[in-house]
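Comments concern the structure below.
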Amino acid sequence: MRLDGRAGGEPRKVHIEPGFVRTADGSCLISTGNTRVICTASVEETLPPWRRGTGLGWVTAEYAMLPASTSTRKRRDGVTKDGRSVEIQRLIGRAIRQAVDMKALGERVITLDCDVLEADGGTRTASITGAMVALTLAVDKLIREGKLPASPIRHQVAAISCGIVGDEPMLDLCYQEDSHAQVDMNVVMNEAGEYIEMQGTGEGRAFSPEELSLLLGHAKKGCEQLMEAQRQALGEKAELMHGKPWLVAASGNAHKIRELQKIFEGRYTVVPMSKVGIDFEVDETATTFEGNACLKAQAIFDATHLPTIADDSGLAVDALNGEPGVYSARYAGHHGDDEANNDLLLEKMKDVPDEKRTGAFHSVLALKLPDHDMLVAEGVCPGKILHARRGNGGFGYDPLFLYEPLDKTFAELSEEEKNTVSHRARASQKLKQMIEEMGL
């Protein structure tokens, strides 16, 4: 048994109080045993000069022990911090930065301040665990304010200490144990069980591979318990710690983007290209759906270097030799004029009998990922062209396109129904299968 009655592999009790500092963008008070640290996150819509113009954000950290945090008063840091504080704040910054997609964060800085109220061992690891909570709350605020479309956090991070005291492996050392430790380690991990940083020193004696393995096993279990405490403290906001990679949709069509968001919501966060600062239109000069989709995906990828998806779709009517085809959106002369496009289609089809009013919606999705060739998938949904509009939903030619198995037009289908049977849904299923087979 240890000084406080714990077993060797048992961590101290942890308590995390989110929103501890009301004026901060994100904050918490984390207590691990008698160690207590205030962690705050502050957002600044600016960047240091060396980072400006890169399209990348930045996360940094500062650490300090308040004067009464130890049994003897600790002098406040002056203009120059003491070496230990500098070392620890660099560790905090490194640990949290690797969990954040800096491109998705955008050109802003989040500063994590970790101030130790009471020190009883493990202040640096408690700071990392608390800083993760403060960062998540700051990101939640940015999303609520409309400054971010989705979370840029890709991993959950926690840290804990371990060591060998009196030849016994122990987890989460208090100060008295730490001051007598033969071996002292700090371990930082993510939710996948991967190591971010390990700091291990045999101050009193060397340690064996077997002892190292045992210490890392203790640390893994300890970090898992800390991550559960983070999730409990954050509640529903804990989902933000596992933000999915952004997928930029090379489109300004809100209907298409909403469909893509529904289709890919389990794998990517689909964002419109306007959210990443793209406001130009790509000239659709190709004569095929595939050609135009690839043109758009490559152009937006070249501008953002983010995963990009582009869709080119349209209606091909058999009686009109495939019209309107790649010109579906501008059939009547003006891009996106759905009413005029439908009127023109009805006019051209007015003398076509029912049995010859067949056609199909086509969709080609082109996905460009960094360091990979373009992936292309096509989906086709056959149907019939009606003599008059039916339904109030959808967009484009949906009110005239009858999906015969359900005896409804696309404009009469619910979003859930359409996202199951549509040409875009079929292309998406093929594309997701390709992604899975490639392990992307």
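What follows is calculated from the coordinates using simple rules that are stated; it is not laboratory data. Since this is a predicted model, take the numbers as computed values, not measurements. Here Cβ is always computed from backbone atoms with ideal geometry, including for glycine, and neighbour counts include all displayed protein chains.
Can you tell me which aspartates and glutamates have their Cα less than 19 Å from the Cα of Lys147? Leave out same-chain residues fewer than eight positions away.
Asp25, Glu44, Glu45, Asp101, Glu107, Glu239, Asp279
Taking the number of other C-beta atoms within 10 Å as the exposure measure, put Phe410, Phe280 in order starting with the fewest. If you can, show how the numbers build up before the last one.
Values: Phe410 27, Phe280 9.
Least crowded to most crowded, the residues run Phe280, Phe410.
Let me know the Kirkwood hydrodynamic radius for region 265-400, please, with Cα pairs as the basis and the value in Å to one decimal. All intermediate terms of the calculation are to be shown ahead of the outcome.
Numbers: mean 1/r = 0.0614 Å⁻¹.
This gives a value of 16.3 Å.
Ranked by Cβ crowding within 10 angstrom, fewest neighbours first, how are Tyr403, Tyr63 ordered? Don't skip to the end; give the middle numbers.
Details: Tyr403 21, Tyr63 27.
Final ranking by Cβ density, sparse to dense: Tyr403, Tyr63.
Take the alpha-carbon centre of region 301-377, take the same for region 119-158, and report the distance between them in whole Å.
43
Roughly how many Å is it from the Cα centre of region 42-103 to that of region 237-253, as a whole number?
So the two Cα centres are separated by 27 Å.
Take peptides 382-388, 242-248 and line them up by average Cβ neighbours within 10 Å, highest first, as a rough protection proxy. All intermediate terms of the calculation are to be shown ahead of the outcome.
On the way: 382-388: 16.4, 242-248: 19.3.
Ranked from most to least packed, the peptides come out as 242-248, 382-388.
For the chain, what is the largest minus smallest coordinate of the Cα atoms on each principal axis, given in angstrom and ordered from greatest to least?
94, 44, 35
From the helices alone, meaning DSSP H stretches of at least four residues, give me the mean residue ellipticity at 222 nm for the chain, per-run term -39500 (n - 2.57), in deg cm²/dmol to the nearest 500.
Values: 10 runs with 133 residues, N = 440.
So the helix-based figure for the chain works out to -9500 deg cm²/dmol.
Given the pairs Lys141/Lys418; Lys220/Lys244; Lys103/Lys237; Lys296/Lys432; Lys350/Lys408; Lys348/Lys430, which are separated by over 30 angstrom at their Cα positions?
Working: Lys141/Lys418 33 Å; Lys220/Lys244 24 Å; Lys103/Lys237 21 Å; Lys296/Lys432 19 Å; Lys350/Lys408 21 Å; Lys348/Lys430 33 Å.
Exceeds cut-off: Lys141/Lys418; Lys348/Lys430.
In which sequence would Arg22, Arg357 go, from the one with the fewest C-beta neighbours within 10 Å to the one with the most? Show your work: numbers first, answer last.
Values: Arg22 6, Arg357 18.
Least crowded to most crowded, the residues run Arg22, Arg357.
For Gly121, what residues show an amide H to amide H distance below 5 Å, using hydrogens built from the backbone and excluding near sequence neighbours?
Sorted by chain and number, the residues that satisfy this are Tyr175.
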